[in-house]
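This report concerns only the one structure given below.
Computed from the coordinates by the stated procedures, all read-outs in this text should not be read as laboratory data. Here the structure is a predicted model, which means the values were calculated and not measured. We place every Cβ from the backbone using ideal geometry, glycine too, and count neighbours over all the protein chains shown.
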Amino acid sequence: MINFQYLRAGSTEKALALLAKDKNASFIAGGTNLVDLMKKGVSSPDKLIDINKLPLKDISLEEGHIHIGALASNAAVADHALIREKLPLLSMALNKGASAQLRNMATVGGNLMQRTRCGYFYDITMPCNKRKPGSGCGALEGYNRMHAIFGHSENCIAVHPSDMCVALAALDAVVVIGQPNGERRIALSEFHRLPGKTPQLDNNLKANEIILGVEVPLNTYGRHVQYLKVRDRSSYAFALVSVAAALELDGNRIREVRLALGGVAHKPWRLTATEAFLRGREFDPALIREAANRSVAEARAFKHNKFKITLAAESIVQALSEASQQS
Amino acid sequence: MSEKFLFPDDTDRVDGVAKVTGKARYFAEFDLPGLTYAVLVTSSITKGRITQLNTRNAARAPGVLAVVSHLNRPVTAGYESKEGPAMRIFYTDRIFFNGQPVAMVVADTFERATHAASLVEVGYEKEAFNTDFDGSLDQVKKPKNPAQGAYQRGEADAYKQAAVSVEATYTLPVETHNPMELHGILAFWNAADKLTVYAKTQGVKATQGTLARTFGLPAENVQVFSEFVGGGFGMALRTWPLEIGTVMAAKLVGRPVKLVITRDQMFTMVGNRPAAWQKIGLGASRNGRLTGITHHSLAQSSVYEDFMENITGMSKFMYGCENVNTTSGIVPLDLSVPIWMRGPGEATGAFALESAIDELAFKLNMDPLDFRVLNDPETDLEKNKPFSDKNLKEAYKRGAQAIGWKNRVQRPAQLTEGDWQIGYGVSTGVFGAFRRSATVRAVLNADGSLVLQSAASDIGPGTATGMVRIAAGVLGIPASSITFELGDSSLPPAPSQGGSSTLSTVGAAVNDVCLQLLGNLKELAVNAGLKADAPFADILKKNNLPYVEVTKESKGGAEQAKYSMYSFSIHFVQVKVHRRTGVVKVSRIVSVGDAGKIVSPKTAKSQMVGGAVGGMGMALTEEAVLDSRYGRYINNNFGDYHVPVNADVPDIEVIFIDKPDPHINPMGAKGMGEIALTGFSAAVANAVFNATGKRIRSLPITPDKVLQETAGV
Ligand SMILES: Cc1cc2nc3c(=O)[nH]c(=O)nc-3n(C[C@H](O)[C@H](O)[C@H](O)COP(=O)(O)OP(=O)(O)OC[C@H]3O[C@@H](n4cnc5c(N)ncnc54)[C@H](O)[C@@H]3O)c2cc1C
């Protein structure tokens, strides 16, 4: 750990101005990811800009969508009446993340920005292209049980660890980004990147930007949603595979469907082709099985994570079945 | 004699309030004037030499008092001799394992020491190394101790001729103790030849001895305090190099130095349960009589020091079988040395043996419980001696009733509950019951209160609570008037807390010293014209005595040679296995302890509960993953090294047979720390088989393994 300067920003403008001044500055929100990264020597910002005082904690119903401020804690979002009623899938996903203590500290912005949990990324004596471009990928030929089966490259096979983002991807959320002179919006499914040749870039947030919040459109799935998280223990473990599933049923007909996987790629893995395949059909076990098989057809696994292909398919079946039965 | 004991009613843990209110002080919580903080710099290579150690920037950093290494360590008596372990901290430039301490930064605050440690630059010359256990099973080193080598009675490999037989290989990964409390020490030189340490140790006398030898001091010049320990599980059974290094640093800076290592350092500096490979062959006649047991074991050790535990022990005596042969070996790797971990050896062996027993019972189409009962021997065929006490048939029966064993279906994969498959499993656990030598001082005060003192330890089981209850039982006074002091090397000697022997050893000494005290008091009473059973306070008053003090050493006798002494456990579990995701949940647990008289029901139950939770971890989640290309652990933190969380753990029912062992000690009480965990993992594996028809022979049983295994039936 190296010495750093700690600053507190009182307004979004101030925060952005401080950020603009120093190329090696970093925002700190809940600190649940960044502080660990600093202790491990993975991140060494020389300035920490504490943004907790910014007025970005609001959770509100707007025209056609729900707005969630970037500094709302994971716990506050999960337990908010509006979220539980209108976006139960998000509530489920958040509550299956981390532990109660972490959820109390972790923020929406921090959750979007959290870095991979790949062991090679965390150990600075090991090769990792994400941490040190050009040093190689330790996981490729190493221990890769937790790693990606979709969208990986020879440079990086890490996964994005978030649960919240998987639900947000399924719910067509939009990330609201603040810039030195204005705002921009980007679909959540476009926010995170695939590793390609630049695994050091997790997402498309620019160096001079801040996340202000997310907007989640109101939807018609009602209670027909499920966030299934398969993990090594019942709590406080990252997903081996997770599935966010949402259905709009008309009797037995699938009028609308959303599916996204977690724990399988460098970003939340939205299954748009599967959604298109299911849309308009009658919900039945054979169809769901077929959809699950199609979903993993392109998956490519490594030495220790072959099980994820089967597990992803099985989990899709399970999540869709459970979502269809929720009432 | 123990029948005569009148144990008081269930006593709360005597230090419970202190623990939950923060009054109990652990080594890292002591503060001395001028206290300084140490942080370790560790090797990033696995084998080779340090070619360059640049400490200049670190030494110049704010608040830094010293950077200790092999270049500048103080003269240390124990280091000047070539005898002793090759790996000693700051001894030479040699690197034996990745994560080995190479330097220690001491500063006036922890943060400054941490920062300065990041400024130490180390250059290495790397050498080829090997940390791959699975790939090195042909590189076996035979144990030096012949008792740990080969064993045979009757014919070797008799299972191969049996009417019904199984042969299978079982593997276990490295498990780490990782108690909640991090390891470390606080050291202070009161004078050039006088040392005081606040330690985290399972034996204050053992720590005292090691430090005295290493620094060339008379033992009485080394004062060790360790009243409270935040869990040990075996890892604090030796004085680790990092402790020696801290004492050196304290000498160098002339101020108290405190070192608390980090969680990732807990994976490389304080031992582990070694990875193990085992092959078991079992044979039986068609009517279910065991005719052959063969058990081969290999376990990981280090290149610089041999470590070997008794993995095949249970196979030699647990079942009534004429033909038994076992072998044991170690595979030395360029890793830090392992150490005993809860149920050492036996927990590893029991996973294999008790899984194999279940496999054979299945092949015989017998209920595994009936199979065990049928083969439960009357005498120990290994030692050729009667068991001092064993009530397994009763234990099997009571456990079976409590778990609802009758609901189990012999054919696997028959019971379901929604998407979950239900199964039941059972396993036996065992550990030797010992009685060593200990001395206890008893001081009865004028007000009738009693203080007992012994240099025993309490790593969590509730040592003092048990001792107070034994004393209360002998003297017939309330437990609340008795205090038991421990964790201080200046108290009368007691052995380290290991091998489930504290209650038996120190408890017997408490019993004996109290009996003597009682005798003395009766004499004093009669001499003073009082009735022999007059209240103690009256006796002292009448005799004008401020206190009465008795010190007594106590140890086992001839009975130890006459009997085979063991504690036993039976673990019953019900599991649910998700038919699609392979997730295993332990839904019910019944653990039965057959460990003689239960001296302290509450703390005894806690032991069994803790052991079952530890057993769940061993069975389902715990695995320290090493990348053998680098010799480094990948999941060296609590987020990735999974111990069970509350949400995993169901209600745990504990049953005690609670019959005194007539031979082991005056209380008839045997140890329970190890049996609480031993065998548990096999019960889970057996239940998973019963639920799914999938036999998983490699721990931990994670969802991927369940998914990838095909049902064998
Ligand atoms: C042991 C452990 C287990 C966990 N398990 C899970 C799990 O199962 N599922 C899961 O989803 N998560 C899990 N987490 C991760 C947790 O969700 C994240 O650590 C948390 O969401 C990060 O939020 P934070 O506010 O603490 O971020 P910080 O640590 O404060 O910041 C993280 C990053 O985000 C940046 N940042 C923060 N806010 C903004 C903003 N408004 N605009 C731009 N940049 C910003 C910071 O600069 C920093 O780079 C776990 C974490 C731990 C430590």
Report task. For chain B, count all C-alpha to C-alpha pairs, find those more than 51 Å apart, and express that count as a whole percent of the total. Result -> 15 percent
Report summary line: Given a Förster distance of 25 Å, the FRET efficiency implied by the Cβ-Cβ spacing of B:Ser490 and B:Ala77, rounded to the nearest 0.05, works out to 0.70
Query - Separation between Cα centres of region B:239-313 and region B:576-601, rounded to whole Å - result: 25 Å
Report task. Distance check, please: which entries in B:Lys23/B:Lys251; B:Lys279/B:Lys363; A:Lys229/B:Lys694; B:Lys279/B:Lys705; B:Lys200/B:Lys390 exceed 25 angstrom between their Cα atoms? Result -> B:Lys23/B:Lys251; B:Lys200/B:Lys390
Query raised in the report: To the nearest 0.05, what FRET efficiency results for B:Asp10 and B:Val451 with a Förster distance of 30 Å applied to their C-beta separation?
Result: 0.85
Report task. Determine which lysines satisfy two conditions relative to A:Lys53: a Cα distance under 25 Å, and not lying fewer than 8 residues away in the same chain. Result -> A:Lys14, A:Lys21, A:Lys23, A:Lys39, A:Lys206
Requested in this report: State the antiparallel share, in %, of DSSP beta bridges confined to the protein assembly as shown, rounding to the nearest 5.
Outcome: 80 percent
Report task. Considering the options A:Ile186, A:Asn219, A:Thr198, tell which one lies farthest towards the positive end of the dipole of chain A, charges being +1 on Lys and Arg and -1 on Asp and Glu at the Cβ, about the Cα centre. Result -> A:Thr198
Requested in this report: State to the nearest 20 debye the size of the charge dipole of the protein assembly as shown about its Cα centre, where the only charges are +1 on K and R beta carbons and -1 on D and E beta carbons.
Outcome: 940 debye
Query raised in the report: Could you state the principal axis extents of the C-alpha atoms in region B:154-249, from the largest down, to the nearest angstrom?
Result: 72, 31, 22
Query raised in the report: B:Glu167 versus A:Arg289, label points 7 Å from Cα toward the beta carbon: distance in nm?
Result: 3.9 nm
Report task. Taking the Cβ of B:Trp277 as the centre, find all other residues whose Cβ is under 13 Å away and add up their charges (Lys, Arg: +1; Asp, Glu: -1). Result -> -1
**Report entry** Rounded Å value of the spacing that divides the Cα centres of region B:637-692 and region A:262-327
**Finding:** 39 Å
Query raised in the report: If the convex hull of the alpha-carbon atoms of region A:225-325 is projected onto planes in all directions, what is the mean projected area in square nanometres?
Result: 6.3 nm²
Query raised in the report: Once every DSSP H run of n ≥ 4 in chain A is given -39500 (n - 2.57) and the sum is divided by its residues, what mean residue ellipticity at 222 nm do you get, rounded to the nearest 500 deg cm²/dmol?
Result: -8000 deg cm²/dmol
Requested in this report: Could you please rank A:Met113, A:Met164, placing first whichever residue has the fewest other Cβ atoms within 10 Å of its Cβ?
Outcome: A:Met113, A:Met164
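Convex hull volume of the Cα atoms in the protein assembly as shown, per residue, in Å³?
Taking the convex hull of the Cα positions in the protein assembly as shown, it is 181 Å³ per residue.
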Report summary line: Over all directions, region A:5-52 yields a Cα convex hull whose mean projected area in nm² is 3.0 nm²
Query raised in the report: How far apart, in nm, are two points set 7 Å out from the Cα along the Cα-to-Cβ line at A:Glu183 and at A:Ser60?
Result: 1.0 nm
Report task. Which order do the peptides B:443-452, B:631-640 take when ranked by the mean count of other beta-carbon atoms within 10 Å per residue, highest first? Result -> B:631-640, B:443-452
Report summary line: Asserting the computed 222 nm helical MRE of chain B (DSSP H runs at least 4 long, -39500 (n - 2.57) per run, divided by residue count, to nearest 500) equals -7000 deg cm²/dmol
Query raised in the report: Gap in Å between the Cα centre of region A:111-172 and the Cα centre of region B:347-407?
Result: 47 Å
Query raised in the report: For chain B, what relative contact order do you get, as a whole percent, if you take Cα pairs closer than 8 Å and at least 6 residues apart?
Result: 16 percent
Requested in this report: Taking each pair of different alpha-carbon atoms in region B:565-605 once, compute 1/r for the pair, average those values, and report the inverse of that mean as the Kirkwood hydrodynamic radius in Å to one decimal.
Outcome: 12.6 Å
Query - Electrostatic dipole magnitude of chain A [Cβ: Lys, Arg +1; Asp, Glu -1; Cα centre; debye, to 20] - result: 900 debye
Requested in this report: Measure up B:Lys576/B:Lys602; B:Lys82/B:Lys383; A:Lys303/B:Lys576; B:Lys194/B:Lys552; B:Lys82/B:Lys316; A:Lys40/B:Lys258 against 31 Å on the Cα-Cα distance and list the ones that go over.
Outcome: B:Lys82/B:Lys383; B:Lys82/B:Lys316
Query raised in the report: Which residues in region B:611-639 have a backbone N closer than 19 Å to a point placed 7 Å from the Cα of B:Gln708 along the Cα-to-Cβ line?
Result: B:619-629, B:634-635
Report task. Only residues of region A:53-89 count here: report those whose backbone N is under 14 Å from the spot 7 Å along Cα→Cβ of A:Thr12, or say none. Result -> A:53-60, A:67-72
Query raised in the report: Can you give the FRET efficiency for B:Ala59 and A:Met105, using 1/(1 + (r/R0)^6), R0 = 35 Å, r = Cβ-Cβ distance, to the nearest 0.05?
Result: 0.45
Requested in this report: From zero up to wherever the largest Cα-Cα distance of region B:251-335 sits, split into 10 Å bins and tell me the percent of pairs in each.
Outcome: 14, 30, 22, 16, 10, 5, 2, 0
Query - With 10 Å bins from 0: P(r) over region B:511-646, alpha-carbon pairs, percent - result: 9, 20, 18, 17, 16, 11, 7, 2, 0
Query raised in the report: Can you give the extra length, in nm with one decimal, that the chain gains between B:Lys19 and B:Arg94 once fully stretched, where that is 0.36 nm per residue apart less the Cα-Cα distance?
Result: 22.8 nm
Report task. Would you mind telling me the antiparallel percentage of the DSSP bridges in chain B, rounded to 5? Result -> 75 percent
Requested in this report: May I ask which residue of B:Ala442, B:Thr294, B:Tyr304 lies farthest towards the positive end of the charge dipole of chain B, with charges of +1 (Lys, Arg) and -1 (Asp, Glu) on Cβ and the Cα centre as origin?
Outcome: B:Thr294
Query - Rg and Dmax [Cα atoms of region B:286-401; Å; Rg one decimal, Dmax integer] - result: 16.3, 50
Report task. Could you tell me which trypsin sites (Lys or Arg not before Pro) in region B:336-384 are loop residues by DSSP with no more than 15 other beta carbons within 10 angstrom of their beta carbon? Result -> B:Lys383
